[in-house]
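Here the structure is laid out as structure tokens; the discussion comes afterwards.
Read-outs: derived from the displayed coordinates by stated rules, not from any lab. Here the structure is a predicted model, which is why all the values come from computation and not from measurement. Every residue, glycine among them, receives a Cβ derived from its backbone with ideal geometry; neighbour counts consider all protein chains shown.
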Amino acid sequence: MKKIILKIGGMSCSACSVGLEKYLNKQKKIKSASVNLVLAQALIEYDDDLSLEEIEKFVHNAGFESLGVYDSRSEDKKNSNKNNKIKLIFFFILSIVILYISMAHMFGIPQISFLDINKYPKNYAVTLFLLVIPFLLYGIDIFKSGVKNFLHKTPNMDTLVFLGVFSSFLYSVFSMIMILLDIQTNTYIESLYFESCAIIIFFIKFGRFIDNNSKEKTKDAIKELVQITPTFALLKMNNCEKEITIDEIEKGNILICKPGMKIASDGVITEGSTHLDEAFITGESMPSKKSVGDKVVAGSINLEGYIEYKAEKIGKNSTISEIVRLVVEATNTKPPIQNLADKVCGYFVPAIIIIAVFTFISYLLLGNSFGVAISVFCTILVVACPCALGLATPLAIVVSEGLCAKNGILVKNSKTLEKAHTIDTIVFDKTGTLTYGNLKISKIFNYSNYTDSELIKIVASIEQKSTHPIGAAFVNRIQELKIPFYDASDFKNISGIGLEAKIKNKIYHVGNNKLFEILNIENKYLKDEENLISLGNSIVYVIEKNTVIGLIGVKDIVRDDAKKTVKMLKSLGKNVIMLTGDNEKTAKLIGKQLEIDHIIANVLPQDKTSEIKRLIDEGHNVMMVGDGINDAPSLAKSNIGVSINSGTDIAMDSADVILTGDNLEKIPMLISISKRTIINIKENLFWAFFYNACM
């Protein structure tokens, strides 16, 4: 299954996007299609054996134009806004002229002598006819779209305008011919509607100009992200500097970044240290200290030092490109609340056409003139507007997605944004989420002939193959001591319990006290374990050939923003739970620190998922916040899964939301943005329905 975002041309209203979406979803090899009117894009999931040319043919057959695959880097290159503005000013002046000629006599204003409606009716009629021709050419795109969509059985706003304008125009041409033939001139001179045709087209174009400006503003956050990366980079070659474009950067290149410059590619620092401004991705104003071995992200600003870094992720694989892709994909998905508007828009245009025809016939049957009947018919067609209904949701979603992205909250789909405010229970993983996961070795009980350093070296050699934060405490300690690791083989991860590996033909186990159950040996060290736990340590047993050789306590540090986040969530009326595989005493100590009352400890990974399921079955809307590989199933199972950016790739893939700055305070912000977005959408829908009902 493949996924693609196509830029679409020819969409002018919500009926267009709904019609195209329906047509694409009917095609056999297309799994799903979501069309975004605001961004003029279609997010399409399709079978591997379907080609891009075939997809573009589907778009063409539906009456629209494929403008190629969406490319964030070229998105801001084409801008015809200036030309549109000039045309609009010209036709505004022409509108004033045509209105003056056609209506001066109604207001007692002096008429142009040779165009006097009473003295020179033929001059008057022909002049209005000639003046309306440029307007018809100006609106040719509207008419083409209207006819095309009508023929494809997906009538839209343009269809209404086409029917209304051409009905008026054709009747006016008929009246003009009768005037030129001197047949009932006084009657037919009152049946000219050329100025109506012109003004309708002008107002439609004027409305679309304003609409397009509004849409452009909603894309600002995405465009700002696209423009973050620099155009050029400094490449280090043979101890010399060479300026290259970012497109010339290759994976593995050593790049230079001097003070004031931007990082050109995701990579790792190989020389030097500095402070980087990463506010664009983290939402945090505080500069981040970076030195050798630290990762850097394209677009970060080097505030002070000279650094060299190795390019790792370039082009479409970079963090910033991934963020843009996620934001664009999210804005192309549809929240459930939009289904109502889409459904209404699908029936709206055909219903308006039926009402207009029914009214036209009724007026004739009631004895009104053909001119009055056609005037009412055109009025109904033109005044109806499905655009407001169709734009009510996507405009709000695009703005909100951009706002989230600007604040370091990446929401993968708009459904998540809609339901975030309904969450009543937030479940936090402990290690690496509520705490930094930067564990330090605090105490060692050594029951062997090994030195403490040798004992740590055994554990570190096994733990370096793991991604668990506890393992980092041992690995970092060995790296600080500059001691080489042992060669550990036959590595196994015992889910939720510990690790197993072979060093120098001896089998070692490291992990929590559940090791005693699976190894079927007695735990004689419970007193020492309790001692460590009472001091807030997580415990790690070291077992060699089923003999305990050590018990090590490691301590974690609570995140600075964790307590404030918990307090904010409680003030919003949310139930906060800590879910951890750690022992109950340690978990309670952390819970007390953070003022979390509900704690579920000693939980295996599969049990974490069960706990989430239990909460959902009880009727709760659950948000799970985690970072580790063990959290991935729980993140996927919850109503909304949130991963912090320091988490593993699998956890981020399973999550609905990614916090790029590791700042937990973004969670209450997400809930607040979600609530405001839904209120805004409901207000938009109300006024759109209200306006159309009144008209």
Handout entry: Relative contact order (%) - the chain, alpha-carbon pairs under 8 angstrom, separation at least six
Key = 11
Handout entry: Angle between the chain longest axis and helix 121-138 axis [Cα atoms, degrees, rounded to 10]
Key = 20
Fill in the blank from the handout: For segment 498-554, using Cα atoms only, the Rg and Dmax in Å read 11.3, 36
Completion exercise
Taking the dipole of the chain about the Cα centre (Lys, Arg +1; Asp, Glu -1; charges at Cβ), the one of ILE256, ILE397, ILE244 that reaches farthest to the positive side is ILE397
Problem - Cβ-placed point charges (K, R +1; D, E -1), dipole of the chain about Cα centre in debye, nearest 20 - result: 580
Fill in the blank from the handout: Per the rule of 0.36 nm per residue minus the C-alpha distance, extending LEU366 to ILE4 adds in nm 124.8 nm
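Going down the table (LYS310/LYS430; LYS465/LYS555; LYS555/LYS608; LYS524/LYS545), which pairs top 24 Å between alpha carbons?
LYS310/LYS430
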Practice task
For ARG676 and ILE616, calculate 0.36 nm times their separation in residues minus their Cα-Cα distance, and state this gained length in nm to one decimal.
Solution key: 19.1 nm
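If I take R0 = 60 Å and measure r between the Cβ atoms of GLU308 and SER489 in this structure, what FRET efficiency does the formula 1/(1 + (r/R0)^6) give, to the nearest 0.05?
0.95
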Exercise for the section: Go ahead and run the numbers for FRET between ASN505 and THR451, Cβ-Cβ distance against an R0 of 22 Å, rounding to 0.05. Expected result: 0.60
Handout entry: Principal-axis tilt of helix 319-332 within the chain, Cα atoms, nearest 10 degrees
Key = 50
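Count the net charge of all other residues whose Cβ sits under 13 Å from the Cβ of LEU137, scoring Lys and Arg as +1 and Asp and Glu as -1.
+2
Using the per-residue mean of other Cβ atoms lying within 10 Å as a proxy for protection, in what order, highest first, do the peptides 293-300, 234-241, 173-180 fall? Mind dumping the intermediate values first?
Numbers: 293-300: 20.6, 234-241: 11.5, 173-180: 17.4.
Final packing ranking: 293-300, 173-180, 234-241.
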Handout entry: Cα-Cα pairs of the chain separated by more than 32 Å (percent)
Key = 64
Practice task
Show me 108-115, 462-469 ranked by packing, highest mean number of other Cβ atoms within 10 Å first.
Solution key: 462-469, 108-115
Practice task
With a bin width of 5 angstrom, please list the P(r) values of segment 397-543 as percents of all Cα-Cα pairs, from the 0 bin to the one holding the largest distance.
Solution key: 2, 8, 15, 17, 17, 10, 7, 6, 7, 7, 4, 1, 0
Problem - Cα shape, segment 433-509, gyration tensor, a/c 1.5 rule - result: oblate
Fill in the blank from the handout: Among GLY305, VAL475, TYR23, the residue whose Cα sits farthest towards the positive end of the charge dipole of the chain, when +1 is placed on the Cβ of each Lys and Arg and -1 on the Cβ of each Asp and Glu, is TYR23
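So what is the calculated 222 nm ellipticity per residue for the chain, using -39500 (n - 2.57) for each DSSP H run with n of 4 or more, over all residues, to the nearest 500 deg cm²/dmol?
Value at 222 nm, helices only, nearest 500: -15500 deg cm²/dmol.
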Practice task
Please state the charge dipole magnitude for segment 536-686, taken about the Cα centre, from unit charges on C-beta atoms (+1 on K and R, -1 on D and E), reported in debye and rounded to the nearest 20.
Solution key: 480
Exercise for the section: Beta carbons within 10 angstrom, averaged per residue: use that to sort the peptides 500-512, 520-532, 350-362, highest first. Expected result: 500-512, 350-362, 520-532
Practice task
Please provide three numbers in whole Å: the alpha-carbon extents of segment 111-215 along the principal axes, with the largest listed first.
Solution key: 48, 30, 17
Handout entry: Dipole of the chain, positive direction: furthest Cα of GLY432, SER495, ALA33, with charges on the beta-carbon
Key = ALA33
Completion exercise
per DSSP, antiparallel bridges as share of beta bridges in the chain, % nearest 5, sits at 80
Problem - Paramagnetic reach from HIS105 (point 7 Å along Cα→Cβ, amide N under 18 Å) across segment 161-190 - result: 172-190
Completion exercise
A student applying the Cα gyration tensor rule (rounded when a/c is under 1.5; otherwise prolate if a/b is larger than b/c, oblate if not) would label segment 74-154 oblate
Practice task
Round to the nearest 10 and give me the degree value, 0 to 90, for the angle of helix 370-383's Cα axis relative to the longest principal axis of the chain.
Solution key: 10
Fill in the blank from the handout: The answer for the net charge of residues other than ILE599 whose Cβ lies under 13 angstrom from its Cβ, with Lys and Arg +1 and Asp and Glu -1, is -2
Problem - Largest to smallest principal axis extent of the C-alpha atoms in segment 410-456, angstrom - result: 60, 20, 14
Fill in the blank from the handout: For segment 122-185 the mean separation of alpha carbon contacts under 8 Å (6+ apart) over residue count, i.e. relative contact order in percent, is 32
Exercise for the section: For segment 512-628, give the share of DSSP beta bridges that are antiparallel, in percent and rounded to the nearest 5; count only bridges with both residues there. Expected result: 70
